[in-house]
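S.K.: Got a structure for you, written out below as structure tokens; questions coming shortly.
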Amino acid sequence: MVNNLGATTTMELAIVARHAVRFLESKGFAVERIFAGTFLSSLDMAGISISVLGLNDERLRWLDAETTAPAWPNVPNQRPGKPAVQTTEVSASGTMTAGSGTQTEAGKKTRSAIEAACRALIAAESELTEMDRVTGDGDLGASMARAASAVQSALSSYPLDDIPATLKALGHTLRRQLGGSSGPLYGVLFLRCGSVLESLGATGLAPWADALVQGCQAISDLGGARPGDRTMLDALDPFVKTLQQAMAVKTTREAVLAAVEAGERGADATAQMKPTLGRSSYLGDRVLGHPDPGAKAIVLWLRAACGAFFMPA
């Protein structure tokens, strides 16, 4: 357990947790669970404490028990680094299950979209790193590239013919692999989108727009940001609003392209926004003139994914 004593960011907790796991494993210990958060704190304290608990089956059962305690992290009941979605085989009835490939056109397009998004983020690592060096911690490029590589590795385990389930699996991967506050925010975005699409059970652009509206709200609820706060929402929000407006009067291709371009304009506009959240808020007016790297990352993968899914060559 990695505990925030009062003045530590989510990103810093994640860094310490990763190093703690590596250290324990180097000493021959098997790490079954890792919990990071603010479990015991004081306004006058600064730093991090680490607690190690020896486990047996009964203790592990209690740790994994469901709880409504708001401060307890609801992490997957599995060892760190183990994919949440496991590869399975075709059942005796011949039903397609996770990891067995794609049979539908939608599944093939979903794979192409995810692959394109991952390639775009990996290719932009240096660009995002430089942007984040000016306005934040300087680690966004590496974090996004690492998460993209993890998604590439997990892609064969995703149930690609089931788009809502794939979005949820993607959310779980990003929640685990993407460092800092971005991990939970991306995780809740894809988890909420997958749940909404699953409940709507429809096709076309309208369900996607509804899902993204709910995904943006989930990000806002979790992180406290609103459009205009110089965050990833300043790219996502104009993308979604333009998609809603354009899909009624334009073809699918035209509507998606208009939405992507609106998202890019939104990301560029963050250069003139004063930061109110995250590391950029510590720098104040010094970030003016530089777009938010988190918003830039959004439009990078959005353009790539939308191009592969909605506008294939």
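The values are calculated or read from the model by the stated rules, or taken from the named source; none is laboratory data. From a predicted model like this one, the values you see are computed outputs, not experimental measurements. Here the Cβ positions follow ideal geometry from the backbone for every residue, glycine too, while neighbour counts run over all protein chains shown. Accessible surface areas use protein heavy atoms only, side chains included; no ligands, DNA or RNA. Shrake-Rupley method; radii C 1.70, N 1.55, O 1.52, S 1.80 Å.
S.K.: Select from segment 213-247 the residues that are free of Cβ contacts under 8 Å to residues at least 60 places away in the same chain and of a type in the set (Lys, Arg) and list them in ascending order.
M.R.: Within segment 213-247, Arg226, Lys241 qualify.
S.K.: While we're here: For segment 212-227, enumerate the residues that are at pLDDT 90 or above and closer than 12 Å to Asp237 by Cα.
M.R.: Listed by number, the residues that qualify are Leu212, Val213, Gln214, Gly215, Cys216, Gln217, Ile219, Ser220, Arg226, Pro227.
S.K.: Suppose we filter Ala154, Ala165, Ala209, Ala120 for residues that are modelled with pLDDT of 90 or more, open to solvent by 10 Å² or more (accessible area, probe 1.4 Å) and closer than 20 Å to Arg303 by Cα; which single one remains?
M.R.: Values: Ala154 fails: closer than 20 Å to Arg303 by Cα; Ala165 fails: closer than 20 Å to Arg303 by Cα; Ala209 fails: open to solvent by 10 Å² or more (accessible area, probe 1.4 Å).
One residue alone meets the criteria, Ala120.
S.K.: Could you list all residues from segment 221-231 that are assigned to a helix (DSSP H, G or I) and either open to solvent by less than 10 Å² (accessible area, probe 1.4 Å) or within 10 Å of Leu185 (Cβ to Cβ) (or both)?
M.R.: Going through segment 221-231, the residues assigned to a helix (DSSP H, G or I) turn out to be 221-223.
Within segment 221-231, Leu222, Gly223 meet the criteria.
S.K.: When only residues in segment 38-59 that are closer than 19 Å to Leu24 by Cβ and polar (S, T, N, Q) count, which is modelled with the highest pLDDT?
M.R.: Per the stated criteria, the residue is Ser51.
S.K.: Restricting the first residue to segment 111-127 and requiring it to be under 17 Å from Leu167 (Cβ atoms) and touching a residue at least 12 places away in the same chain (Cβ under 8 Å), which pairs with a second residue that is outside any helix (DSSP H, G or I) and open to solvent by 10 Å² or more (accessible area, probe 1.4 Å) meet a Cβ separation below 7 Å and a spacing of at least six or different chains?
M.R.: From segment 111-127, the pairs are Arg111/Thr102.
S.K.: Same structure, new question: Using beta carbons and a limit of 7 Å, which pairs, at least six apart or on different chains, have the first residue in segment 259-272 and closer than 12 Å to Pro293 by Cα and the second one open to solvent by 10 Å² or more (accessible area, probe 1.4 Å) and of a type in the set (Gly, Ala, Ser)?
M.R.: Going by the 7 Å Cβ cut-off, the qualifying pairs are Ala271/Gly289.
S.K.: Now, a different point. Working only within segment 135-175, note down all residues that are under 30 Å from Lys274 (Cα atoms), within 9 Å of the chain's Cα centre (by Cα) and in contact (Cβ under 8 Å) with a residue 24 or more places away in the chain.
M.R.: The initial filter retains those residues of segment 135-175 that are under 30 Å from Lys274 (Cα atoms), namely 135-148, 171, 174-175.
Still in the list and also within 9 Å of the chain's Cα centre (by Cα): 147, 171, 174-175.
Those that are under 30 Å from Lys274 (Cα atoms), within 9 Å of the chain's Cα centre (by Cα) and in contact (Cβ under 8 Å) with a residue 24 or more places away in the chain: Ala147, Leu174.
S.K.: Considering only segment 87-111, state which residues are buried (at least 17 other Cβ atoms within 10 Å of the Cβ), at pLDDT 50 or above and not basic (Lys, Arg).
M.R.: Selection gives Thr102, Gly107, Thr110.
S.K.: Let me ask something else about it. Inspect all residues belonging to segment 232-247 and state whether any of them is assigned to a helix (DSSP H, G or I), buried (at least 21 other Cβ atoms within 10 Å of the Cβ) and touching a Ser or Thr at 6+ places or on another chain (Cβ under 6 Å).
M.R.: Yes, there is a match, as at least one residue in segment 232-247 is assigned to a helix (DSSP H, G or I), buried (at least 21 other Cβ atoms within 10 Å of the Cβ) and touching a Ser or Thr at 6+ places or on another chain (Cβ under 6 Å).
S.K.: May I pose another question? Does segment 268-308 hold any residues that are assigned to a helix (DSSP H, G or I), at pLDDT below 90 and either of a type in the set (Asp, Glu) or open to solvent by 20 Å² or more (accessible area, probe 1.4 Å) (or both), and which are they?
M.R.: Hits for segment 268-308 are Gln272, Ser281, Tyr282, Leu283, Gly284, Asp285, Arg286.
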